[in-house]
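Asker: First, the structure itself, so that you have it in front of you.
The values are calculated or read from the model by the stated rules, or taken from the named source; none is laboratory data. This one's a predicted model, so the numbers in the text were calculated from it and none came from an experiment. Neighbour counts run over all protein chains shown; Cβ positions are idealised from the backbone, glycine included.
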Amino acid sequence: MLGLTVSRCRHPSHPRRLALILAAAAIALAPRPAQAQGILPPAASATSVASPLPQGPLLIGQTIPRDLTVVDSSGADRPLLSFKSPLDVLVLVFLAPACAADQGSSHELRRLYENYVDWHVAYVAIPAAAGSVQDVKTFLSKAGIPMETASDASGRVVRKLNVRETPEVLIFDETGVLHYRGPLTLPGRAARAPARTALETLIGHTDAIEDPEPSESAGCPVP
């Protein structure tokens, strides 16, 4: 406890001076806030300061988390990055086979697969809405696309990758960085295939493709 001695005033005729001395003593003895003493208050304890902030959806230019997993065709949990080799580009296709937009996209999806499957590109198709991985397998089989499939029953992958509608394509480079998220085609613009354009751009090692405007897609919303 801080000790303070107030000496007797040699000039009793100066009461103002004595009052100032007593006021200074009161300030010195008053308790100081915890932060002023170098102590974090409970709301900002060392534990809470060190805790990571909740992370939102993956953005263009960010790396896919290594612990983001799906269930593969054997029933095992598997990180998404394990579907590719170190030199591969990874293409994820989110489908809802009951959606009319998905049904009408099979030709473009086949082109996205067949044109680049031999170019160090790995593909995984994942159900994004109502329906099962078996529905996706049946859809791909009828379309003649031998693409690997996986399940995201919890919806964690759909939420983390911010999948908003189907059919939606996400393209990651060799290091797992997201370069493209968007539709297979743009309605009313038959000459534009943004997913293939993005993949060709990435394989050619040019600048990344930005997200297209969501309003340009005719896909079915993901609930």
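Asker: If we keep just the residues of the range 142-189 that are touching a Gly at 6+ places or on another chain (Cβ under 8 Å) and among the β-branched types (V, I, T), which is farthest from Y116 (Cα to Cα)?
Answerer: T166
Asker: Also, quick follow-up: Hey, I60 hits all of (1) touching a Phe, Trp or Tyr at 6+ places or on another chain (Cβ under 9 Å); (2) part of a strand (DSSP E or B); (3) closer than 18 Å to P183 by Cα but one; which does it fall short on?
Answerer: It is condition (2) that I60 fails.
Asker: Look at G155 and say whether it is free of Cβ contacts under 8 Å to residues at least 12 places away in the same chain and either out of contact with any Pro (no Cβ under 8 Å at 6 or more places or on another chain) or among the β-branched types (V, I, T) (or both).
Answerer: yes
Asker: Look at G182 and say whether it is at pLDDT 80 or above and crowded, with 17+ Cβ neighbours inside 10 Å.
Answerer: Yes; evaluated as a whole, the condition is true for this residue.
Asker: Report whether or not A122 is part of a loop (DSSP other than H, G, I, E, B) and either of a type outside the set (V, I, T) or crowded, with 19+ Cβ neighbours inside 10 Å (or both).
Answerer: So A122 does not fit the description; no.
Asker: Which members of the range 196-223 meet the condition of being of a type in the set (A, V, I, L, M), in a loop (DSSP other than H, G, I, E, B) and either exposed (fewer than 15 other Cβ atoms within 10 Å of the Cβ) or at pLDDT 50 or above (or both)?
Answerer: If the condition is that a residue be of a type in the set (A, V, I, L, M), in a loop (DSSP other than H, G, I, E, B) and either exposed (fewer than 15 other Cβ atoms within 10 Å of the Cβ) or at pLDDT 50 or above (or both), then A218, V222 are the ones that fit.
Asker: Next question. Has the range 111-133 got at least one residue that is of a type in the set (K, R) and at pLDDT 95 or above?
Answerer: No.
Asker: Next up: Since F172 meets every condition but one in (1) surrounded by 19 or more Cβ atoms within 10 Å (Cβ to Cβ); (2) without any contact (Cβ under 8 Å) to a residue 12 or more places away in the chain, which condition does it not meet?
Answerer: Against the list (1) surrounded by 19 or more Cβ atoms within 10 Å (Cβ to Cβ); (2) without any contact (Cβ under 8 Å) to a residue 12 or more places away in the chain, F172 comes up short only on (2).
Asker: Scan the range 71-104 residue by residue and report those that are among the charged types (D, E, K, R) and either surrounded by 19 or more Cβ atoms within 10 Å (Cβ to Cβ) or in contact (Cβ under 8 Å) with a residue 12 or more places away in the chain (or both).
Answerer: The answer is D72, R78, K84, D88, D102.
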